[in-house]
1. How high is the FRET efficiency between A66 and T102 when r is their beta carbon distance and R₀ equals 41 Å, given to the nearest 0.05?
2. In segment 1-136, with Lys and Arg counted as +1 and Asp and Glu as -1 at Cβ, which of these residues, T40, T108, V89, has the Cα nearest the positive end of the dipole, that is, farthest along it?
3. Applying 1/(1 + (r/R0)^6) with R0 = 25 Å to the Cβ-Cβ distance of L79 and R51, what FRET efficiency is obtained, to the nearest 0.05?
4. State which entries of K99/K138; K99/K121; K35/K138; K35/K121 exceed 18 angstrom in Cα-Cα distance in the structure shown.
5. Suppose R0 equals 25 Å; then what is the FRET efficiency for V113 and E4 from their Cβ-Cβ distance, rounded to the nearest 0.05?
6. What net charge do the residues around L70 carry, taking every other residue with its C-beta under 10 Å from that of L70, with Lys and Arg at +1 and Asp and Glu at -1?
7. From the phi angles alone, apply the Karplus equation (6.51, -1.76, 1.60; θ = phi - 60°) to segment 50-65 and give each ³J(HN,Hα) in whole Hz, x where the residue is Gly or Pro.
8. Using DSSP to call loops (not H, G, I, E or B), can you name the GluC sites (Glu not before Pro) in segment 14-97 whose Cβ has at most 10 other Cβ atoms within 10 angstrom?
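Bear in mind these aren't lab numbers, they're just calculated from the coordinates by the rules spelled out. From a predicted model like this one, the values you see are computed outputs, not experimental measurements. Neighbour counts run over all protein chains shown; Cβ positions are idealised from the backbone, glycine included.
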Amino acid sequence: MNDEHLLGEWQLIDAYMTIGGETNQTFDATRTMIKLFTPTHFSFYSKTVNRAIFSAEVTDEERLAASKTLDTGGGTYQLIGDQYTESVVYCSYPNYEGKSITFTLTLTEDELVQEGVYPLKDLGFADQDGYVKEVYRKVLLNATNIQIKTGRLICRFSFFSSCSY
């Protein structure tokens with residue numbers, strides 16, 4: 001697998017979860033999910049299309065409503081062959097923090113498939129584990145998604161901006 005091709009932004013286009021032999025589509029077309037890879041870290045966000053803005057007072061009710069429209073997470077990863085392990089450092093769902101989850105990655109020119117056993121039981125979400133399959137499409141470079149390479153420093157400017165050596 002070409003590790004360098006993994007770098008950048010990927011948008012979720014389909015997702016399924018199988019639990020106890022029953023498969024359900026978990027992709028939600030009302031949300032946008034982006035996953036970002038640097039040489040050592042991953043991050044993601046999933047948000048509803050039209051999020052309400054806060055009032056000048058920023059009430060607890062507004063904060064609660066906003067928390068239901070945005071999920072985030074990230075940490076470090078290790079890729080050995082097609083085995084990809086995420087070590088979660090931060091997440092909207094604290095159950096994930098400090099956990100490592102291994103998936104199998106299949107990478108083509110513009111599509112990334114991430115699949116494997118999903119530790120629902122260990123995370124405290126179910127009585128048994130599931131099997132997840134997520135399909136992502138590479139976000140192509142455009143005027144708002146620019147990569148600049150200068151010597152050993154690589155900067156990517158987009159919704160998430162990052163620089164690495």
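1. Values: r = 32 Å, r/R0 = 0.78.
With R0 = 41 Å, the Cβ-Cβ based efficiency is 0.80.
2. Checked the options; the winner is V89.
3. Numbers: r = 32 Å, r/R0 = 1.30.
The formula returns an efficiency of 0.15 here.
4. Working: K99/K138 26 Å; K99/K121 13 Å; K35/K138 10 Å; K35/K121 24 Å.
Flagged as over cut-off: K99/K138; K35/K121.
5. Values: r = 18 Å, r/R0 = 0.73.
E(calc), rounded to 0.05, equals 0.85.
6. Working: positive: R31, K47, R51, K68; negative: D71.
Net of charged neighbours comes to +3.
7. Along segment 50-65, the couplings run 10, 8, 5, 8, 7, 7, 4, 7, 6, 7, 4, 5, 5, 4, 4, 4 Hz.
8. Numbers: sites: E22, E57, E61, E62, E86, E97; in loops: E57, E97.
The qualifying sites are E57.
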